[in-house]
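The values are calculated or read from the model by the stated rules, or taken from the named source; none is laboratory data. Computed from a prediction, not measured in an experiment: that's the story for all the values here. In this analysis, Cβ positions are derived from the backbone assuming ideal geometry, glycine residues included, and neighbour counts consider all displayed protein chains. The accessibility values were calculated without ligands, DNA or RNA, using every heavy atom of the protein model including side chains. Shrake-Rupley method; radii C 1.70, N 1.55, O 1.52, S 1.80 Å.
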Amino acid sequence: MEASKEAFLREFGEHYGYPNGPKTIDEIRATEFKRLDGLVYLDHAGATMYSELQMEAIFKDFTTNVYGNPHSQTDTSSSTSDIVREARQQVLDYCKASPKDYSCIFTSGATAALKLVGEAFPWSRQSCFTYTMENHNSVLGIREYALDQGAAAFAIDVEETVRHGVSNGTAASMKVLQHQVQRRNEASSLEEPTGEAYNLFAFPSECNFSGLRFSLDLVRIIKEDPARILEGSPFCNGRWMVLIDAAKGSATEPPDLSLYPADFVVMSFYKLFGYPTGLGVLIARNDASRLLKKTYFSGGTVATSIADIDFVRRRKSVEELFEDGTISFLSIASVHHGFKILNSLTVSAISRHTASLSWYVRKKLLGLRHENGASVCTLYGDSKALFHYFGPTVSFNLKRSDGSWCGYREVEKLASLSGIQLRTGCFCNPGACAKYLGLSHLDLRSNFEAGHVCWDDHDIIHGKPTGAVRVSFGYMSTFEDAKKFIDFMTSSFVALPNWIESGHQLMQGSESRLAAASFYLKSITVYPIKSCAGFNVESWPLSSTGLLHDREWVLTSLSGEILTQKKVPEMCFISTFIDLDKGILFVESPRCQVRLPINFSTDSCNGGSEQIKLNDQRYEVQSYKNEVNIWFSNAVGRPCTLFRCFSSNHNFCLNNIKSASMGREVQSMLNFSNEAQFLLISEESVSDLSHRVSTKDVQKGACGAASQISPMRFRPNIVVSGGEPYAEDGWKNLKIGNKYFTSLGGCNRCQMINIVHDEAGLLQKSNEPLATLASYRRMKGKIFFGILLKYERSEPERRDGDLWLQVGQDVHPNIS
């Protein structure tokens with residue numbers, strides 16, 4: 001056993017691994033989660049994993065028994081009704097809720113359960129919806145119903161300080177910060193709230209952003225002594241009801257409703273045991289549910305109705321009243337098999353097991369230091385707040401040794417390359433995100449105006465992070481998962497290569513070496529259709545957009561989305577060739593029997609023109625006849641449309657491309673290239689990269705001959721040979737033959753370079769070579785390989801021969 005695990009077990013062995021359970025954690029992983037071999041899954045707060053034995057039991061259940069629609073009196077329907085009844089009881093038992101006091105209403109998820117409460121709550125102009133800042137968007141959405149009905153709404157921050165010297169040893173006093181009251185109808189603010197109005201207070205049992213757990217004492221405090229929380233508020237006298245969002249917290253600590261009688265609790269089953277998805281539950285106190293006002297009725301919710309007059313009588317039971325239509329009875333039937341797993345391990349053992357892992361990770365992250373002593377991690381979660389302790393979730397951001405932030409997308413991309421799946425962003429919890437990151441209302445609005453929305457790549461704006469990194473553990477998580485994550489953090493963000501810290505250190509002294517080095521043009525590649533295969537040529541003409549006809553065509557989906565290999569890898573199998581003399585683009589595909597010729601003239605066009613958008617730029621394009629689009633649809637396996645760019649009408653400003661040596665805006669003309677007219681790759685740089693990948697494979701004990709990485713893996717237009725690896729990093733400009741080019745800086749690489757197709761025509765994806773590049777070619781969150789070029793066309797170029805590049809031409813960098 002490794003020393004690190006021995007140390008971990010000395011501290012957490014009493015809690016880790018289910019020592020008193022039917023199986024140890026190692027046995028659980030070996031028999032029920034074989035698909036996780038080689039993968040570190042750390043997003044159990046988003047969705048936990050289902051057990052393979054659980055799914056086998058469900059499949060056996062479904063193939064052995066017959067379940068009919070429960071809205072009937074047949075034998076199969078009666079069997080289904082029994083299963084549903086048992087599932088309701090299992091849910092209530094899980095939260096220690098008596099069926100005398102509570103009902104279990106099945107919904108399509110926790111969000112649907114929250115929506116049901118918001119829609120049906122008895123809001124009035126004297127009501128108030130109060131919620132903690134740390135709440136999911138699905139809870140915040142209830143605010144819309146309250147405000148639309150004239151009610152007030154406001155958020156609060158609750159903190160707890162502990163004082164000693166009372167009879168039971170300790171007592172808590174609370175500090176509450178009330179945020180501004182929101183109203184849509186200002187006139188209603190003049191009405192003094194009375195004790196007859198119904199108010200709703202919502203909080204999560206566990207914050208899905210930070211992992212901090214709220215004390216469920218809040219339930220009794222709000223219901224019995226609201227002035228303790230809402231001191232000075234005119235809403236203290238109303239009738240308060242409490243909603244707990246237990247979607248995150250219930251997987252390891254479900255609320256005990258026998259001790260904390262909340263009015264509403266929502267959960268989702270995929271958060272508990274992975275399957276089923278699309279099924280949640282609203283646990284409602286019976287007296288509270290009778291106050292809900294439901295407008296819509298449907299099949300299953302009425303005792304009787306008359307079609308041609310206004311007459312309907314609804315069913316009396318709470319479940320039947322609120323479950324519209326036929327419930328998802330097969331999903332409900334599978335719930336039993338999930339609860340069987342949780343009950344066999346026990347929730348208390350799961351809580352201790354996952355807590356040991358999260359505490360270990362939290363402790364290790366806090367201990368990470370750069371060489372200059374600066375802390376690497378900023379962890380989120382205030383221990384002074386009104387929380388019992390942390391759940392199995394750790395959220396944080398990283399800082400470089402110079403104090404600048406690492407973007408969370410950088411962490412996510414590098415983690416994925418290392419086989420680690422984690423979560424980044426705000427996790428649909430804007431209040432917690434703003435609170436812990438210190439983002440003001442002005443910050444949030446300016447971020448949005450800068451283009452930042454949920455799930456995008458804008459992770460750092462104005463020097464501040466817009467979200468965080470989150471890792472979370474489930475009942476099947478292991479010490480090895482946590483250890484691999486910590487090792488990844490250490491190797492990627494602490495033991496940083498000098499190249500990352502100080503820029504292109506590999507190029508120090510490059511000027512003297514360049515004087516003695518000789519370079520020449522090794523190959524030229526043209527890619528007529530964006531993301532499709534290109535073709536090599538010995539010579540090719542230049543144009544104002546780069547290589548003539550390069551990325552002049554593009555495929556789009558029927559909805560207008562640009563198709564690329566990132567989403568449609570099969571595009572790499574479409575081969576292209578241009579006959580300049582005939583003015584024809586030829587395309588072939590293994591999925592199409594016929595080679596398709598596309599004439600440059602308008603013969604194959606339908607004569608129409610329209611506009612499409614790519615990288616925030618608008619292009620005027622011409623479309624093609626239906627038979628052309630049918631050919632490409634067959635080639636990529638989905639309906640699509642081919643367009644050609646009117647390149648002469650487009651003059652674009654390239655993105656702000658920054659490297660260690662230069663960063664500026666460059667005005668140039670583009671077809672459908674992402675960033676620049678040309679991508680240049682050095683043969684020597686590719687050779688060095690191949691060697692590094694092969695060395696890593698040998699160190700890992702990989703068998704078989706090392707595969708040589710081809711320069712074509714990077715889709716370059718120009719491959720040069722000569723000099724030392726990465727000499728191109730220091731080029732500010734270059735001359736090929738008698739043509740001049742300006743370097744726009746390094747090319748930021750993505751996972752596209754990890755996808756190749758083998759001799760059998762099959763697509764293969766690995767972590768290489770991007771993982772190796774990330775270890776020594778990463779700077780400020782970007783992984784650079786190759787350089788981007790702009791063609792500097794000069795006025796004296798008149799003759800056609802002057803406009804051609806030729807393989808074998810000399811390449812002279814940094815021409816003054």
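Placing unit charges on each Cβ (+1 for Lys and Arg, -1 for Asp and Glu) gives the chain a dipole about its Cα centre, and among LEU357, ALA533, ASN343 the Cα reaching farthest toward its positive end belongs to LEU357.
Since only THR326, GLY381, ASN671 are under comparison, the one whose Cα sits farthest along the positive direction of the charge dipole of the chain, derived from C-beta charges on Lys, Arg, Asp and Glu, is GLY381.
Scanning residues 5 or more positions from ASN733 or on other chains, those with amide H under 5 Å from its amide H are SER743, ASN814, ILE815, with H placed 1.01 Å from N in the peptide plane. Our summary gives the chain a relative contact order of 11 percent, counting only alpha carbon pairs under 8 angstrom and 6 or more residues apart.
Put simply, the amide H of HIS44, placed in the peptide plane, has neighbours under 5 Å in SER472, PHE473, leaving out anything fewer than 5 places away on its chain. Calculated accessible area for the chain comes out at 45 Å² per residue, all protein chains present (probe 1.4 Å; ligands, DNA, RNA ignored). Dipole magnitude for the chain: computed about the Cα centre from +1 point charges on Lys and Arg Cβ and -1 point charges on Asp and Glu Cβ, it is near 640 debye. Pairs spanning more than 30 Å between alpha-carbon atoms, out of LYS340/LYS567; LYS613/LYS790; LYS115/LYS435; LYS223/LYS248; LYS522/LYS696: LYS340/LYS567.
Helix by helix through the chain, keep the DSSP H runs that span 20 Å or more along the axis on Cα and average at least 0.5 on Kyte-Doolittle, and give those back in order.
Both cut-offs are met by 329-345.
Close amide H contacts of VAL811 (hydrogens built in the peptide plane, cut-off under 5 Å, sequence separation of 5 or more or a different chain): PHE519, TYR520, LEU521. Dipole of the chain computed with +1 at Lys/Arg Cβ and -1 at Asp/Glu Cβ about the Cα centre; of GLY419, SER440, THR641, farthest Cα towards the positive end is SER440. Rounded, prolate or oblate: which fits segment 1-159, taking a ≥ b ≥ c as square roots of the Cα gyration tensor eigenvalues, rounded meaning a/c under 1.5, else prolate when a/b beats b/c? Oblate, since a/c reaches 1.5 and b/c is not below a/b.
Under a model in which nothing but the beta-carbon of Lys, Arg (+1) and Asp, Glu (-1) is charged, segment 397-498 shows a dipole of about 200 debye around its Cα centre. For the chain, the fraction of 1.4 Å probe accessible surface lying on carbon and sulfur atoms is 50 percent. 3J(HN,Hα) couplings calculated from phi for segment 147-159 with the Karplus curve 6.51 cos²θ - 1.76 cosθ + 1.60 (θ = phi - 60°) are, in sequence order, 5, 5, 8, x, 6, 8, 8, 7, 9, 9, 10, 10, 10 Hz; Gly and Pro show x. Pairs of Cα atoms nearer than 8 Å and 6+ residues apart set the relative contact order; for segment 49-149 it is 16 percent. When you filter the trypsin sites (Lys or Arg not before Pro) in segment 1-67 for DSSP loop state and at most 15 other Cβ atoms inside 10 Å of their Cβ, you are left with LYS23.
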